[in-house]
Every structure is written in structure tokens, then in C-alpha cells.
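Inspection log for the structure reproduced underneath, given as C-alpha cells.
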Amino acid sequence: MQAIRRPTLDEINRWFTAAVIGGGAAGGSLVSILYVGALPVGLWRLSQGLIALPRERGVRIIGMAFLAYFAAETLSTLVNYTGPDDLLQGIGANLPFIAFLIVFGRLSLTPRADVLRWAEYGAIAGGLAAGLSALVEIFVRGAPRAEGLAGNSGPFALISAALFGFCIAIAIYRDGRMRQFAVAAALSAAVALILSGMRSLWPMLVISPLLLAWLLDFVPRAVFTRKTALAVVAAAAVVASLGYSTVETRVMSLVRDFEKVDAGNYDNSLGQRLRVWSAAIELIEQAPIFGQGPAHARGALQAAASEQGEKEITFSHAHNLVLNALMRSGVFGLAAVIAMFVVPLWVAGRAEKDELGRIGYTLMVVVCATYLVNGAVNISFGHDIVDSFYLYSMITGTYLVFGPSSTPRYRRLDDGSRVAIDRPASSTG
């Protein structure tokens, strides 16, 4: 009987990329299980010499930005320490942020063109799966809002919005059947985003295409024939019809909430957010330097917000990126969150880029834009699915920018794994 062949690290990278990029919406915590699991496995492979940390200065700087977030959360945890449970919530939950350089090192064993292609496969499959999942939830199960296996409409919508941007990008720079699949997946992801009911992310249906058209020098006449344009318009009309009921319900709900708040009634969705923001500001004023601590911020927020009205508040976060960072880990936490957006875009933006690098940088910009828009009234970090998707998207984009211009040479080991040797230095290092 022939023994089962173990997959090489190159093969693992391809499937891993497709799964983590595409699995977050419909697959839920699958992506966080895969990404978090890559840390201990990566450390073992690093100790065995099977992978190596990146040498490129730009990559290391970007990796330091994510380590800074881990450090800020750890510092706040230690300052506000009350017991062992604090370590799990403040340090253990943030371990994915220290995996950047290690996961990057493993990914560098795969040629950049292959990484991009499998990221495209994942994005297209993920967009199609997200839309199908949302349709089943709303029209078959009768759920009020689509959530996917995440069990929460927030992460489902955020990943769907990012996949929408990914697929629009693929439709711009690819052609043939890949473009057709990408357009279908983008429309499917749009359906998922709309049916999630997350109003704050709906603007990405306009922002992402405009941003991508600018970054990729999109020329409509080079992509759309009259027949293709009509097909896209028809498909968009179908998407609009599927999402009309949800859009109408959510918009009218917002209008009613404004009327209630104007009348002094804060026991509604909008009013609760205003109470939470007010409570978060109070907590920030109490501990502006180190914050309340990751393990204590949730309880403190719920208690402070519940005191401001008759209805108890059960929100787990401040529903704003800036307020949540300051409340959890103070000014150090906010500085680290800003760094996780600014540093990757600044460093990758200044690097010399070939066509693959340009595409990688574009994907980084789209993901950052999506997370920033989401952060206006929600959180962008502090959730396993959200964190894992952002981190691996940044790893993938960074590798496309800084990875070697030629295919690495490999040495095959006895267990079937391959190790890169004589790796070409990056021209941007």
C-alpha cells in the first residue's frame, strides 16, 4: 500500500492562503483557527530551520507595527492586572499579532505569482459562499440578518466588504473567465454585505470600486463591451432587488431611532451607541495612559453605559475604533492601532513595485479602507476572525510587494518539505 504523501510547505501555503482569505465570511472562526495554529507550527519549523524570518527591512518594520499592538495590550494588561484570567484575555487573545514575521517566512517559500493566484481563488470562492450563505439565512431560515458561521453580522459584513473589494480588483486586472468569476463573486459578496444589515459598511460598495479604479488605472472601455456592461447592470439590478427589503427596513429603523433620540429616548440602537460612546469617554478620562485593560474594558463599559439609561447595555466594545483602543489600552493602544494602518501602507507605498507588487499594495489599501470605515461605528480589532483576516491580508499584500522577483530555489527534505535556498534579495530591501 502506497504511503500518503505529506504536502510540502509550498502546497500548504497555497491552500492556507485560499482558506484564510476566502473563509472568514461563510466559514467563521475557521480562519482564526488556521491562522492561530500557524504560530506554534511556525515556531517549530523556525527552530528546525525549515523556514526563516524575512531579511527585508521593510517587512520587518511592518512586522514591528503589529508587535507594537501586542506590546501595548500586554502593557495595559500588566498595569491593570487582577488575576490569571487577565493574561488570557489581554495576552493570549493577541498572540496572532506576533505571528506576522513567522507566517511571512513560511509564505516566502511560495512564488509570488502563485500566492496571488490562490488568494484570488480564495476571494472568489469566499465571495460566492458569503452570498449563498446570506441568501439561505434570509430567505430559507428567515433570519433577520445574515451572520454566516461567525454568528455575528459584524465580522460577516466586514469580511464580505473586503472580499467585494478583492473581487472588484481581480475583475479589473484579470481577463477571460477569471474576470467573469470575479464579477459574479463581487456581486455575491455585495448581496452578503447588504443582507447583513450593517449600514455602516454599505458605502464600501461605492468606495471600493472608485478606489480600485484610481489605484489600478481602470479604463472602462478596455474591460466592458456593451454586452458585458448590460450583463453587469442586469446582475446589479438583481442584487438590488434581493437586498431591497433589508435596505428599506434598516434605513427606516435608523430614521425612527433619530426621531426617538431627538425626543430624548435613548433606548434604541442609535441611542445605545450614543450612551456607549459617552461611557467610553468617561472611562478614557479615568485611565488615559494605560486604559482600563483588555480584560476589564468590557465590564467597565457595560456598567458605565447601563447607568445612563433604563435599558441595560450588553455591548462588548465601544463601537468606535479610536474610543475602543483608548478605553482598552490607553494612548499606547491607540498609537499601535494607528501604526497598524499607517506603517504597512507607508512602507509598502514607498517601495519599488513591479506588477505583482502593485496589486499587492492595492489589496492592502482596500483592506485598510474597509477596516477604517468599519471602525467609525464598530471595532476593527479585538475579534478572532477580524484580526486573523486583517493580519493575513497584510502578510499577503506585503509579500507581493517585497517578495523576490524570481522563483526561489528549493532543497527538498526527507519528509517532502521544501526549503528555499539562495533566495534572491529584494530590490526594495
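The values are calculated or read from the model by the stated rules, or taken from the named source; none is laboratory data. Small disclaimer: the values here were computed from a predicted structure and weren't measured. All Cβ positions, glycine included, derive from the backbone under ideal geometry; neighbour counts span all protein chains shown. When the accessible area is computed, the model is the full protein with side chains, heavy atoms only, and any ligands, DNA or RNA have been set aside. Shrake-Rupley method; radii C 1.70, N 1.55, O 1.52, S 1.80 Å.
In nm, to one decimal, how far is the Phe258 label point from the Glu352 one, both placed 7 Å along Cα→Cβ?
5.2
What FRET efficiency, computed as 1/(1 + (r/R0)^6) with R0 = 25 Å and r the Cβ-Cβ distance, is obtained for Ala236 and Val136, rounded to the nearest 0.05?
The computed FRET efficiency comes out at 0.70.
I'd like the accessible area for Phe332: 1.4 Å probe, protein heavy atoms, all chains in place, Å² to the nearest 10.
In the full protein context, Phe332 sits at about 100 Å².
To the nearest 10 square angstrom, what accessible area does Glu312 show with a 1.4 Å probe?
130
For the pair Gln48/Ala303, report the inter-label distance in nm, with labels modelled 7 Å from Cα in the Cβ direction.
My value for the distance between the label points is 4.8 nm.
So for the pair Leu95, Thr249, with labels modelled 7 Å out along Cα→Cβ, what separation do we get in nm?
3.9
Could you tell me the center-to-center distance, by alpha carbons, between segment 83-99 and segment 6-59 in angstrom?
Result: 20 Å between the Cα centres.
Which of rounded, prolate, oblate describes segment 104-176, given a ≥ b ≥ c as roots of the alpha-carbon gyration tensor eigenvalues and a/c under 1.5 marking rounded, otherwise prolate only if a/b is larger than b/c?
It is prolate, given that a/c is not under 1.5 and a/b is the larger ratio.
For Ser133, Ser380, write out the residues from largest to smallest accessible area, computed with a 1.4 angstrom probe and no ligands counted.
The residues order as Ser133, Ser380, largest area first.
What value, in deg cm²/dmol to 500, does the helix sum -39500 (n - 2.57) over DSSP H runs of n ≥ 4 give at 222 nm once divided by the residues of the chain?
After summing the helix terms and dividing by residue count, I get -23000 deg cm²/dmol.
Between Leu210 and Arg117, what FRET efficiency comes out of the Förster formula 1/(1 + (r/R0)^6) with R0 = 25 Å and r the beta carbon distance, rounded to 0.05?
0.45
So how do Phe139, Phe156 rank on accessible area, 1.4 Å probe, biggest first, that is with the largest at the start?
Phe139, Phe156
Cα gyration tensor of segment 155-284, axes a ≥ b ≥ c as square roots of the eigenvalues: rounded (a/c below 1.5), prolate (a/b > b/c) or oblate?
prolate
Mean separation of Cα pairs under 8 Å and 6+ residues apart, divided by the residue count of the chain: what relative contact order is that in percent?
This gives 24 percent for the chain.
At 0.36 nm per residue, minus the direct Cα-Cα distance, what do Met64 and Leu88 gain on full extension? Give it in nm, one decimal, please.
So the extension gain works out to 6.4 nm.
Tell me which label goes with the value of Rg/Rh (Cα atoms, Kirkwood Rh) computed from the coordinates here: (1) 0.93; (2) 0.98; (3) 1.12.
(2)
Looking at the square roots a ≥ b ≥ c of the eigenvalues of the Cα gyration tensor of segment 45-134, which shape do they give, rounded for a/c under 1.5, prolate if a/b is larger than b/c, or oblate?
Oblate, because a/c is 1.5 or more while a/b does not exceed b/c.
I need the calculated FRET efficiency for the pair Gln180 and Ala376, taking r as the beta carbon distance and R₀ as 41 Å, to the nearest 0.05.
0.75
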